[in-house]
Amino acid sequence: MSLVTYEVRDHVATITLNRPQARNAINGALRNDLNAAWERFRGDEDAWVAILTAAGDVFCAGADLTDSAGAVGTFAGTFWEKPTVNSFESGLELFKPTIAAVHGPCVGYGLTGVLFCDFVIASTDAVFSFPEVRLGVATIVGALRLPQRVGWANAMELLLTGAPMSAERAHQIGLVWRLCDPEDLQTTARDWAEILTAAAPLAQRATKEVAWRGAEMGWTEAVRFGETMRKVVGATADVTEGLTAWREKRPPRWQAR
């Protein structure tokens, strides 16, 4: 049985953590399967949007402390060799839209992965935490990413106390983008994913890449990069289709080409 499942329907890939008997705690095997799923999505021409979710009552209990490979992995470029960007949660370059659909506890490693998604949709029973400091361990990628999402003091509330945060509080500070009842979580995530697929996928990816890379550039360099990306997208077949559909007053038929 795969510890991470991957399904595509109508250009939406659903990536599901599938180790419910262990509360979806990340061991070495699950981490490898999860990395493989994100790599598959990145290269899958039929998948334009991804939903990250989980089987069972717990989204993710964090790293499996009985398996050290769950915390840092054993593949090339991990802690045991030289730390680097080697997985989705550590900053894989992926410019397709991503959604996290979170229910129940979302802990440590699981929350770091959720933070890399563009949209976090959570059910009211979701609970978020970075408990590492209560174990004497430093939080690294989460500490880099969280202040950008929720502001300094709100980030430190999670990072420096290790205490759990309710879905309502997470929504209040902007960690959660949309809150819904548990029974509506998957439908809400799916509906939003379908809305995203109505836009031109290559234009979406270029826009997200400009936003991502531009944040690290000076203003002039960022504008120049953006104009270059505009020309790249302007040479695609989807631009022709989009303008034709507009003139013909019909929905466009995107090909991601």
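Things to note:
- With all protein chains in place and a 1.4 Å probe, the accessible surface of the range 201-248 carries 62 percent carbon and sulfur.
- Residues of the chain: accessible area per residue with a 1.4 Å probe, Å²: 50
- Accessible-area ranking of W219, W48, largest first, probe 1.4 Å: W219, W48
- Rounded Å value of the spacing that divides the Cα centres of the range 203-256 and the range 93-127: 26
- Of F88, F225, F59, the residue with the greatest mean-square motion in the GNM of the chain, using alpha carbon springs below 10 Å, is F225.
- Tally of Lys pairs whose C-alpha atoms are under 26 Å apart, taken over the chain, 8 or more apart or cross-chain: 4
- Among K208, K231, the sequence by solvent-accessible area, most first, with a 1.4 Å probe is K231, K208.
- Computed with a 1.4 Å probe on the full set of protein chains, the accessible area for R19 sits at about 30 Å².
- Dipole in debye (nearest 20) - the range 201-248, about Cα centre, beta carbon charges: Lys, Arg +1; Asp, Glu -1: 60
- Ranking by accessible area, most exposed first, for W38, W212, W192 with a 1.4 Å probe: W212, W192, W38
- Relative contact order of the chain, taken over Cα pairs closer than 8 Å and 6 or more residues apart, is 15 percent.
- Its Cα centre serving as origin, the chain has a Cβ charge dipole (Lys and Arg +1, Asp and Glu -1) of approximately 640 debye.
- Around the amide H of I51, modelled in the peptide plane, lie the amide H atoms of A13, T14, I15, I99, all under 5 Å away and 5 or more residues distant in sequence or on another chain.
The values are calculated or read from the model by the stated rules, or taken from the named source; none is laboratory data. None of the values given here were measured: they were computed from a predicted structure. Heads up, the Cβs are rebuilt from the backbone with ideal geometry, glycines too, and the neighbour counts pull from every protein chain shown. Side chains included, ligands, DNA and RNA excluded: accessible areas come from the protein's heavy atoms. Shrake-Rupley method; radii C 1.70, N 1.55, O 1.52, S 1.80 Å.
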